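Structure first, commentary second.
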Amino acid sequence: MKIAVAGLGYVGMSLSVLLAQRHEVWALDISEERVGMVACGKSPIQDEDIERYIAEKKLNLTTTTDAEAAFAGAEYIIVATPTDYDPKLNYFDTSSVEMVVKQAQQITPEAAVVIKSTVPVGFTESLYFDGYKRVLFSPEFLREGMALADNLNPSRIIVGVPSGNAELKMCAEKFADILRQGALSQSVPILVIGSSEAEAVKLFANTYLAMRVSFFNELDSYAETRGLSTGQIIKGVSLDPRIGNYYNNPSFGYGGYCLPKDTRQLLANYDQVPNNIISAIVDANSTRKDFIAERVLSRNPKIVGIYRLAMKAGSDNFRHSSIQGIMKRIQAEGVKVVVYEPSIKDNTSFQVVSDLEEFKQMSDVIVTNRYSEKLASVQEKVYTRDLYRRD
């Protein structure tokens, strides 16, 4: 069948490659550069599996900036455009999703529109009652740099149906099966539920992950302040099988595409609902950045070097990376900040140093969210909370 995908970011690109193995996929994006890269066999995002599949696999994938060409005749239209939390509105900016849904209904009203973008709880239901009767919501659970791997090996497939519509439920079950057919294992759990419940699953899942990051970060803040071994404490805590030895490596805070905005959006959804934990998770991220900045400044550096802006290895995403919050706090105290980040050449907010050896020599303290062996020669300068040398 023909399937259209709107948006060539992590979600849209990984889904396009996944589905193009079995179906005719038309991928739409407003960026001519992204569209051109895929057409030339290159991935517009950093993801080794996507790059390999585009280069080696036989994919029925066409990219375009023309919505009419992408949507015409499509049975499913997947919306994977970016949404971001707007602090002024205290809500997600869903304008890009609404635009695509409107275009889809105008061009191919019989197509089922599947929203993959993260949206507020109740968003899909509101579209349904506004007259968009062929709309579904399906949350994604992808890691940056491993988006295709997570689509090939999904932990679960969830599709949300507004208002218990029986016809749409069948359509949702079919879409879930399409995703499962693209996976490497056919034993993936499938859950077809209400669209608002599916939206809540996405927000609560990411907020729980943010809570876990925050918990181990605050454990680390305590241990570092008291002169205790963070590693020993974490090991003892994590040996409890109910807690587990995973997702417990201290960092400068949670960041990236999803966790910061999703936690704030969930808190906004808690308007008029009593809560303590959700608001604390949002506040904890700022507190951790304050703590890290204070520890760096306690070394009285004249120049602080920031080694890499990306959230983690294998990612090219700088958006909302926690280390940028550290930089702003250090700069606010009048301390000069220089950055080593090979993927950027210049920036008006900070000095970019392209030569690693020059960067090492000029920096009094080198701050890195995740340690690299490239810094081994200046170990005494390095400040990191990366205990386990893994993401």
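Summary of computed values
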| item | result |
| --- | --- |
| Subset of region 150-175 (residues that are aliphatic (A, V, I, L, M) and surrounded by fewer than 21 Cβ atoms within 10 Å (Cβ to Cβ)) | L152, A166, M170 |
| Odd one out for Y222, checked against (1) part of a helix (DSSP H, G or I); (2) closer than 18 Å to T384 by Cβ; (3) within 23 Å of the chain's Cα centre (by Cα) | (3) |
| Residues of region 4-33 that turn out to be open to solvent by 30 Å² or more (accessible area, probe 1.4 Å) and assigned to a loop (DSSP other than H, G, I, E, B), as a count | 4 |
| Hits in region 124-149 - residues which are within 20 Å of the chain's Cα centre (by Cα) and either open to solvent by 10 Å² or more (accessible area, probe 1.4 Å) or without any contact (Cβ under 8 Å) to a residue 12 or more places away in the chain (or both) | E140, F141, L142, R143, E144, G145, M146, A149 |
| Pairs where the first residue, in region 52-76, is at negative phi and assigned to a strand (DSSP E or B) and the second is open to solvent by less than 50 Å² (accessible area, probe 1.4 Å) and of a type in the set (S, T, Y), C-beta under 9 Å, 6+ apart | L61/S16; T63/S16 |
| Flag if P139 is at pLDDT 95 or above, within 30 Å of E68 (Cβ to Cβ) and assigned to a loop (DSSP other than H, G, I, E, B) | yes |
| N248 vs. criteria open to solvent by less than 20 Å² (accessible area, probe 1.4 Å), in contact with a helix residue (DSSP H, G or I) (Cβ under 9 Å, 6 or more places away or on another chain) and part of a helix (DSSP H, G or I) | no |
| Which numbered condition I344 misses (of (1) out of contact with any strand residue (DSSP E or B) (no Cβ under 8 Å at 6 or more places or on another chain); (2) open to solvent by less than 80 Å² (accessible area, probe 1.4 Å)) | (1) |
| Residues that are part of a strand (DSSP E or B) and either surrounded by 23 or more Cβ atoms within 10 Å (Cβ to Cβ) or not charged (D, E, K, R) (or both), drawn from region 77-123 | I77, I78, V79, Y85, Y91, F92, A112, V113, V114, I115 |
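The values are calculated or read from the model by the stated rules, or taken from the named source; none is laboratory data. These numbers were taken from a predicted model, which means no experiment stands behind them. In this analysis, Cβ positions are derived from the backbone assuming ideal geometry, glycine residues included, and neighbour counts consider all displayed protein chains. Calculation scope for accessible area: heavy atoms of the full protein, side chains included, ligands and nucleic acids excluded. Shrake-Rupley method; radii C 1.70, N 1.55, O 1.52, S 1.80 Å.
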